[in-house]
1. Can you run phi through the Karplus equation (6.51, -1.76, 1.60; θ = phi - 60°) for segment A:85-93 and list ³J(HN,Hα) in whole Hz, with x for Gly and Pro?
2. Taking the dipole about the Cα centre of segment A:74-217, with the C-beta of Lys and Arg at +1 and of Asp and Glu at -1, give me whichever of A:GLY177, A:ILE211, A:SER132 is farthest to the positive side.
3. For each of B:THR91, A:THR87, B:THR11, count neighbouring Cβ atoms within 10 Å of the residue's Cβ, then give the residues from fewest to most.
4. From the phi of every residue in segment B:72-77, what ³J(HN,Hα) in whole Hz does the Karplus formula 6.51 cos²θ - 1.76 cosθ + 1.60 yield, where θ is phi - 60° and glycine or proline is x?
5. What GluC sites (Glu not before Pro) in segment A:127-217 are in a loop by DSSP, with at most 16 other Cβ atoms within 10 Å of the Cβ?
6. How would A:HIS102, A:HIS140, B:HIS86, A:HIS145 line up from fewest to most surrounding beta-carbon atoms within 10 angstrom?
7. Loop-only trypsin sites (Lys or Arg not before Pro) in segment A:96-183, please: DSSP not H, G, I, E or B, and at most 10 other Cβ atoms within 10 Å.
8. Read phi for every residue in segment A:156-167 and hand back ³J(HN,Hα) as whole Hz from Karplus 6.51 cos²θ - 1.76 cosθ + 1.60, θ = phi - 60°, with x for Gly and Pro.
Amino acid sequence: MSALVAADPGEGIGIVALANADAKQSPITNIALLAVAKALASQTGNSTSSPPTNSSTLSRGNPRRRSRVTPRAEGTASLHSLDIAGTYFNAGYGTAVLCSVHSSSPSCQNVLDDFRSVDKSLSSNSTDLFISWISMFSSHVRFTHSTDTQYIISAGTIYPEGYGKNSTPFSTLELAGLATFVVEKESVVGFGVSGISGVERLGPVEEASDIWFVRQR
Amino acid sequence: MYIVGSYVVSTLSDMRFADFVSNRVFKSLSMNSSTYSIDAAVNTGRFTSTWTSFGRLIPHWLQDEFADLMAGPAGVISSVEDLVRHLFWSTWYLTYRPRAGTMGQNISEWRCRP
């Protein structure tokens, strides 16, 4: 968050701090604490008042809890032997086409070109998966292999031609969650995304995940 | 939660949530630099650019096609002055309650604080 609005009505102090850049919570919080300290010092006539060291009163939100997902005990064949790239669907999020470095469709090639523009180390041996889609918070998603059935998800936007006067490619991808693939009878049936809602649930992947995508054949 | 809340408000008021907030909050508090509309902000000539955390220029993150959906939890374009005005009135009302003859005096007290 890069916007802070806070008040202490008892002291008659209000603070508004805005920053037109992402993830500036720490600097604007420090600025707000300094402003509060100076305002309090001026009220009491104490010029040596120091900023509060505990910023908990200006902290917002609860710590996110990781969603615990229990993979199926049966049919957990190694993903390395299976082709998990392909089309998946969720009624709320729509269609997600997962591309691997071996995907040959024109649309997947465009997706891979986008990722190669910001990751020159992306090789033909990569086990990562890639998505390009239209959503509110991201246009590109990358699945980085973590454990046998799990991938770490990074989501954001890739600007292959830069933006504005600076044409250097860049991305805003950041950690977004965890994907767990479910295999039945040596075939991938879908994957669940967890770590988004902060709600902890137990149970099979398709029930405990925040989002469940079904493999489309 | 906020999306549901904005839907409830828009249904009961029979208008877009953004319009409800503009009419009932922004105009009421003379927050003349506040809007949900990117076009309106651009037309003022005072709509600032936005950057990533590492300093790259990027477009405004919330496009118009999603503005109504996200109007509950996000999307207000405003200024420090307008938000101070909103902050004053929201905390003043909770703390002092309106009394005849005191509203103007309290605003002056806030503006004169160092």
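1. Working through the residues one at a time gives 5, x, 9, 10, 9, 9, 4, x, 9 Hz.
2. Towards the positive end, the residue furthest out is A:SER132.
3. Working: B:THR91 19, A:THR87 13, B:THR11 10.
Final ranking by Cβ density, sparse to dense: B:THR11, A:THR87, B:THR91.
4. Here the 3J(HN,Hα) series is x, x, 7, x, 5, 9 Hz.
5. Numbers: sites: A:GLU161, A:GLU174, A:GLU184, A:GLU186, A:GLU200, A:GLU206, A:GLU207; in loops: A:GLU161, A:GLU186, A:GLU200.
Counting only loop positions with at most 16 other Cβ atoms within 10 Å, the GluC sites (Glu not before Pro) in segment A:127-217 are A:GLU161, A:GLU186, A:GLU200.
6. In increasing order of surrounding Cβ atoms, one gets A:HIS102, A:HIS145, B:HIS86, A:HIS140.
7. Qualifying residues, ordered by number: A:LYS120, A:LYS165.
8. Ordered by residue, 3J(HN,Hα) equals x, 10, 10, 10, x, 10, x, 8, x, 6, 8, 8 Hz.
Every number here is computed from the coordinates shown, using simple stated rules; none is lab data. Keep in mind that what you see is a predicted model, and the values were worked out from it rather than measured. No Cβ is skipped: glycine too gets one built from the backbone with ideal geometry, and neighbour counts run over all protein chains shown.
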